[in-house]
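What follows is a single structure, written as structure tokens, with notes after it.
Values quoted throughout were computed directly from the atomic coordinates according to the rules given, and no laboratory measurement underlies them. Bear in mind the structure is a predicted one, so any value in this text is a computation, not a measurement. Virtual Cβ from ideal backbone geometry, glycine too; neighbours counted across all protein chains shown.
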Amino acid sequence: MSEPEDTVVECPHCGSADVDKESAFGSEISKTQYYCNGCHTVFERIKYDGRQPE
């Protein structure tokens, strides 16, 4: 499960799109961990493969 390359990831804390992927796996296998260069926080995002959930 991976996100399409053109997916824009934004920080949920400050809204910045200046983020770096920290780890392919966060606290769960279904999450990816990111680091925000805007507010210097680490956050997790649920992986999404591009298909609409049922």
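Below are the figures for this structure:
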item: Label zone at K47 (point 7 Å along Cα-to-Cβ), backbone N below 13 Å, segment 9-35; result: 23-33
item: Cβ crowding within 10 Å averaged over residues, with 23-31, 11-19 ranked highest first; result: 11-19, 23-31
